[in-house]
Each structure stands twice: as C-alpha cells, then as structure tokens.
Amino acid sequence: MTDLSLALSVAADHPAYAGHFPGRPILPGVLLLDEAIQALAGQNGLDAASGQIKAAKFLSPVSPGESLRLHFSETAAGVFRFEVLAGERVAASGIFAFPVTPPQDGAA
C-alpha cells in the first residue's frame, strides 16, 4: 500500500488486555479499530465520531507492547483504505468512510 503512515500507541498495561484473554492477552479488535480511526481522523482534520467502518478484517492478534503502525490511503473523497501493522505483520485491514461536506458557494 503506497500511503501515509502513523504510529499507534496502546499502553501494554491497557485494562482491555486483562479480560481479553486471561493467560494470553490480545488487543480487542474494537480497540484496535478505535485507535486507527481516531489517528486517521486527527491526521486529516475529520470528525472521528462521524466515521464509519465500511469493512474490517482481523488478520493477526496484537499482544501487549507490540509496535503498531497505521498505513492508509484515500481512495475517494472521505474514503480511506487502511492496514494496521504489528511489527511486520498485518494485524487488521479495511475501509473507513467519513461524510464529505460539499464546498459552500457563498450563499447565506
């Protein structure tokens, strides 16, 4: 994917690890997607709360302390294809979409 890249940060002692799963903690997918959409929206001046997950695949579990990177590219106005890498592995991929506000033409 030829795109932009951002580091994601999830603390190794995040409370979500404690119950997911005891004895072999992995990052819940919903938290991984939330971190990704928040980072992408922040980087692009978008409202994360208005973003939609159009598609998501979880390909590899993320353990506490793993280095995460978000790679993304805009494929259409407000539509972003993304991958989250844990080290060199693709942990998740998918598509986020945000509403596009048409430009104002000066009408009051």
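Any read-out appearing in this document is the output of simple, stated calculations on the displayed coordinates, not a laboratory observation. All values reported here derive from a predicted model rather than from experimental measurement. Cβ sites come from the backbone with ideal geometry, for glycine too, and all protein chains shown count toward neighbours.
From least to most packed, judged by other beta carbons within 10 angstrom and beginning with the fewest, F96, F58 follow the order F58, F96. Each residue of region 72-77 in order: what ³J(HN,Hα) in whole Hz does its phi give by Karplus 6.51 cos²θ - 1.76 cosθ + 1.60, θ = phi - 60°, with x for Gly and Pro? These are the phi-based 3J(HN,Hα) values: 8, 9, 7, 9, 7, 4 Hz. With 0.36 nm allotted per residue and the present C-alpha distance subtracted, the L31-L59 stretch has 8.6 nm of extension available.
Only helical runs count toward this figure. For the chain, summing -39,500 (n - 2.57) over DSSP H runs of n ≥ 4 and dividing by all residues gives -5000 deg cm²/dmol at 222 nm. Kindly express, to the nearest 10 degrees and within the range 0 to 90, the angle between helix 29-44's C-alpha long axis and the longest C-alpha principal axis of the chain. Long axis of 29-44 versus the principal axis of the chain: about 40 degrees.
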